[in-house]
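A.B. asks: Here you go, one structure.
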Amino acid sequence: MRTLILDLGDVLFHYSITRITALPPGAFKAVIKSTAWGDLECGRVAEDIAVARISKELSLDIISIREALTQCRRLLHVDHDLFRELVALKKEMHGKLKVYAMTNISKDDFARLKLLLPTWNELFDADFTSFKAGRIKPDLEYYQYVLDSIGPKCPSLAVFVDDKNVNVDAARSFGIHGIVFESPEALMHQLRSRLLDPPAPAQSV
């Protein structure tokens, strides 16, 4: 049995930051990288509290932050072509591939995200979210939480995909094969090479 652990944002789900007009791109990036936003994604605070903290810490207008978040959510869309290719790959493996989502996201945003993809269960066997785990990537405890839940006998048989190098490096520290997402075409080539070709046997010392 092989295991595929997929990040969602900027891999399967996308939005164009340049189309957000309520805040400049740099300011919006600062919002979603803030400590307060991380606390929201860990389920520790409500969004209103997080936004108020961000407004104070970054000296940004609170109404502009809320409008930027609303615009971002409206712009969010699924890469349906990649989704179909991943589903086809899973079917090609005839029940020998389990696929899991692992994402940093708040409870409400995850509910919105799943509404965009009614066929979610065609690909994913389970999902792991930061708001349930109480941790965000690249916190190693989040990875351990996922591994303990899915229980792969050999982490090297698992593949982890994320668009951020730091998150992939964290997965690699557990012996998981990490792939930094660059494009759908490159990802599918890497996945097919890794999952359809038998892994090389471990060398005895």
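A.B. asks: Please work out which one of (1) touching a residue at least 24 places away in the same chain (Cβ under 8 Å); (2) more than 24 Å from P184 (Cβ to Cβ); (3) crowded, with 18+ Cβ neighbours inside 10 Å; (4) polar (S, T, N, Q) is the condition S55 fails and give its number.
C.D. replies: (1)
A.B. asks: Turning to a different aspect of this structure: From the set of residues in region 64-85 that are without any contact (Cβ under 8 Å) to a residue 60 or more places away in the chain and among the aliphatic types (A, V, I, L, M), which is farthest from L123 (Cα to Cα)? Lay out the reasoning, then the answer.
C.D. replies: Looking only at region 64-85, we keep the residues that are without any contact (Cβ under 8 Å) to a residue 60 or more places away in the chain, and these are 64-74, 80, 84.
If we keep only those that are among the aliphatic types (A, V, I, L, M) too, we end up with 65, 68-69.
Values: I65: 33, A68: 30, L69: 28 Å.
Filtering region 64-85 for residues that are without any contact (Cβ under 8 Å) to a residue 60 or more places away in the chain and among the aliphatic types (A, V, I, L, M), the one farthest from L123 (Cα to Cα) comes out as I65.
A.B. asks: Looking at (1) touching a residue at least 24 places away in the same chain (Cβ under 8 Å); (2) hydrophobic (A, V, I, L, M, F, W, C); (3) within 26 Å of S149 (Cβ to Cβ); (4) in a loop (DSSP other than H, G, I, E, B), which one does L40 not meet, given that it meets all the others?
C.D. replies: That leaves (4) as the condition not met.
A.B. asks: When you look at L89, is it under 15 Å from F110 (Cα atoms), in contact (Cβ under 8 Å) with a residue 60 or more places away in the chain and assigned to a helix (DSSP H, G or I), yes or no?
C.D. replies: No.
A.B. asks: Hey, could you check region 104-115 for residues that are surrounded by 14 or more Cβ atoms within 10 Å (Cβ to Cβ) and either of a type outside the set (K, R) or under 12 Å from the mean Cα position of the chain (by Cα) (or both) and say which is nearest to G151 (Cα to Cα)?
C.D. replies: Ranking the qualifying residues of region 104-115, first place goes to N104.
A.B. asks: Regarding F131, is this residue of a type in the set (F, W, Y), part of a strand (DSSP E or B), modelled with pLDDT of 95 or more and crowded, with 18+ Cβ neighbours inside 10 Å?
C.D. replies: Working: of a type in the set (F, W, Y): yes; part of a strand (DSSP E or B): no; modelled with pLDDT of 95 or more: yes; crowded, with 18+ Cβ neighbours inside 10 Å: yes.
Judged against the criteria, F131 is not a match.
A.B. asks: Could you list, ordered by first residue, the pairs with Cβ atoms under 6 Å in which the first is in region 185-205 and surrounded by 12 or more Cβ atoms within 10 Å (Cβ to Cβ) and the second is at pLDDT 55 or above and aliphatic (A, V, I, L, M), at least 6 apart or interchain?
C.D. replies: Q190/I179; R194/V159
A.B. asks: What's the number of the condition A170 fails, among (1) touching a residue at least 60 places away in the same chain (Cβ under 8 Å); (2) surrounded by 18 or more Cβ atoms within 10 Å (Cβ to Cβ); (3) over 30 Å from R74 (Cβ atoms)?
C.D. replies: (1)
A.B. asks: Here is a follow-up. Return yes or no: is L191 in contact with a Leu (Cβ under 7 Å, 6 or more places away or on another chain) and more than 30 Å from A50 (Cα to Cα)? Step through it out loud before you land on a result.
C.D. replies: Working: in contact with a Leu (Cβ under 7 Å, 6 or more places away or on another chain): yes; more than 30 Å from A50 (Cα to Cα): yes.
Judged against the criteria, L191 is a match.
A.B. asks: Let me ask you something else. If we keep just the residues of region 1-31 that are within 21 Å of E182 (Cβ to Cβ) and surrounded by fewer than 18 Cβ atoms within 10 Å (Cβ to Cβ), which is nearest to the chain's Cα centre (by Cα)? Steps first, answer last, please.
C.D. replies: Initial filter on region 1-31 (within 21 Å of E182 (Cβ to Cβ)): 4-18, 25, 29.
Narrowing the set further to residues that are surrounded by fewer than 18 Cβ atoms within 10 Å (Cβ to Cβ) leaves 10, 14-18, 25, 29.
Working: D10: 8, H14: 11, Y15: 14, S16: 17, I17: 17, T18: 21, P25: 21, K29: 16 Å.
Step by step, filter region 1-31, then rank; the result is D10.
The values are calculated or read from the model by the stated rules, or taken from the named source; none is laboratory data. Nothing here was measured: the structure is a model prediction, and the numbers come from that model. Cβ atoms come from the backbone with ideal geometry, glycine included; neighbour counts cover every protein chain shown.
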